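The values are calculated or read from the model by the stated rules, or taken from the named source; none is laboratory data. Bear in mind that the values here come from a model prediction, so they are computed numbers and not experimental data. Note that we place each Cβ from the backbone using ideal geometry, even for glycine, and neighbour counts take in every protein chain shown.
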Amino acid sequence: MAEEVEHLACSVIAQAVVDAGLRGPTAEEHLSTPAFARAEARSFLTASAGEWKRARDWWCAIAGRDSETLRRFALRKLGWPLDPPPVSSEPLRLFQLVPKPEKARLEARGPKMVVLQELMKRPEGISPDEVMEQFGWAKSTVMGVLTSDMRKYGVTGRRGADGRYRLVTIE
């Protein structure tokens, strides 16, 4: 019984070598081996860790063969490096983080923004109604410009207790 089990283990190993395309039958028979079977046979023969390695170790122990010798044989025949690169403890990153460039402050372009900033710099500031009169803008446009649109220039308007907006630098 023990000899039959040992013979079975040797047959399993030999079939893996043939399925991996390392030795054995003619080219036509190699072509008949499905690609997934070839890949699994190669994994079985070359794995350095995991389930495939445990399976190879088990079958080699039953067959009385050295598992590492079989692995090195398969690696040489496949032309793969004998020793895998060291495993890093750092997780695999598919994409590298790229630091964001500093956001450049724009200079006020156009005469309207320059004039508006100058008016807001005054101690008395400017009211939304005055901006509507000066530039002919709608109320919603004026409020957007005074509170948020100027942020891209590094400044914004802050409403005082008197309802007038004054220029504030953003840090």
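All of 102, 90, 130 fail the test of being over 32 Å from the mean Cα position of the chain (by Cα) and either surrounded by 11 or more Cβ atoms within 10 Å (Cβ to Cβ) or modelled with pLDDT under 90 (or both), apart from 130. Close Cβ contacts (under 9 Å, 6 or more residues apart or on different chains) running from residues in the range 1-18 that are among the polar types (S, T, N, Q) to residues that are assigned to a helix (DSSP H, G or I) comprise 11/63; 15/41. Restricting attention to the range 112-141, the residues being in a helix (DSSP H, G or I), closer than 13 Å to residue 159 by Cα and aliphatic (A, V, I, L, M) number 1. If you go through the range 133-154 and keep only what is modelled with pLDDT of 80 or more and either hydrophobic (A, V, I, L, M, F, W, C) or closer than 14 Å to residue 119 by Cβ (or both), you end up with 133, 134, 135, 137, 138, 142, 143, 145, 146.
Summed over the range 133-171, residues that are surrounded by 16 or more Cβ atoms within 10 Å (Cβ to Cβ) and of a type in the set (Val, Ile, Thr) total 4. The lone criterion from (1) part of a loop (DSSP other than H, G, I, E, B); (2) modelled with pLDDT of 90 or more; (3) of a type in the set (D, E, K, R) left unmet by residue 23 is number (2).
In this entry, residue 108 passes the filter for residues that are small (Gly, Ala, Ser) and at pLDDT below 80.
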